[in-house]
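What follows is a short report on a single structure.
The values are calculated or read from the model by the stated rules, or taken from the named source; none is laboratory data. A quick note: this is a predicted structure, and the numbers were derived from the prediction, not measured. Counting neighbours? That spans all protein chains shown, and the Cβs are built from the backbone with ideal geometry, glycine included.
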């Protein structure tokens, strides 16, 4: 494990020390959404990001940080940490243990290391130069590997909620879903961890921010998968993400997704 990878694990555990005691409690939920849009934020979101920012400032004072709750600090630095302290705040508020903490390290504009952490289940999915591994307390890291699935007809696929898609996007997702063997909803970023673990074959989503998708790329790609946008290129700020375990699925999914690509 490289020093940056070890530090990312430390960040995940520092965030868990904040979020776990607040899970299924009065977590001071607020709605930051506009009229007709519920977009919750909790004390867990704010305090966990603050804890991770403090550690980064102490250990790597020349690094930048981009976080969902507290914005940008030196985003043009050579090394930038991207933080989503509670990805899946709606699940957190509902008491469902599928929310995660997302941590990525971007070097010269490209995500090179990522963590998808689920502290309720004591799971840290790490991807980077040392490969991809599942880390659990008191256990040796377990290597992660995607599974072969060359046909969309045999694939298990996921998205958080079809309501995230616009009209054209929803039509494209619906066609992909119709072709797949099984679709699961409501997993947020945990679905991407399951791609790396060889349990889910494809995830398609839209409207993701850089802190939503940056950690996913190193985890899945270190496990042998691929993450692209809906045009088949590297993910970008337009936020349309397609993650697959088997690269053979990309062209099959893009037959429909490209029609709604931004």
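Brief remarks on what is shown
- Qualifying residue in the stretch 111-120 (condition: surrounded by fewer than 24 Cβ atoms within 10 Å (Cβ to Cβ), touching a strand residue (DSSP E or B) at 6+ places or on another chain (Cβ under 9 Å) and under 17 Å from residue 63 (Cβ atoms)): yes
- Scanning the stretch 140-159 for residues that are more than 14 Å from residue 195 (Cβ to Cβ) and in contact with a helix residue (DSSP H, G or I) (Cβ under 9 Å, 6 or more places away or on another chain), we see that the one that is surrounded by the fewest Cβ atoms within 10 Å (Cβ to Cβ) is 153.
- Filter result for residue 221 (modelled with pLDDT of 95 or more and under 24 Å from residue 134 (Cα atoms)): yes
- Among residues of the stretch 39-68, those that are in contact (Cβ under 8 Å) with a residue 24 or more places away in the chain and touching a helix residue (DSSP H, G or I) at 6+ places or on another chain (Cβ under 7 Å), counted: 14
- Looking across the stretch 73-92 at every residue that is in contact (Cβ under 8 Å) with a residue 24 or more places away in the chain and surrounded by fewer than 19 Cβ atoms within 10 Å (Cβ to Cβ), the one that is farthest from residue 15 (Cα to Cα) is identified as 78.
- The stretch 53-73, subset part of a helix (DSSP H, G or I) and either assigned by TED's automatic domain parsing to the domain that holds residue 210 or touching a strand residue (DSSP E or B) at 6+ places or on another chain (Cβ under 7 Å) (or both), residue nearest to residue 7 (Cα to Cα): 56
- Flag for residue 41 being modelled with pLDDT of 95 or more, within 15 Å of residue 100 (Cα to Cα) and surrounded by 13 or more Cβ atoms within 10 Å (Cβ to Cβ): no
- Flag if residue 98 is within 23 Å of residue 223 (Cα to Cα), outside any strand (DSSP E or B) and in the same structural domain as residue 24 (by TED's automatic domain parsing): yes
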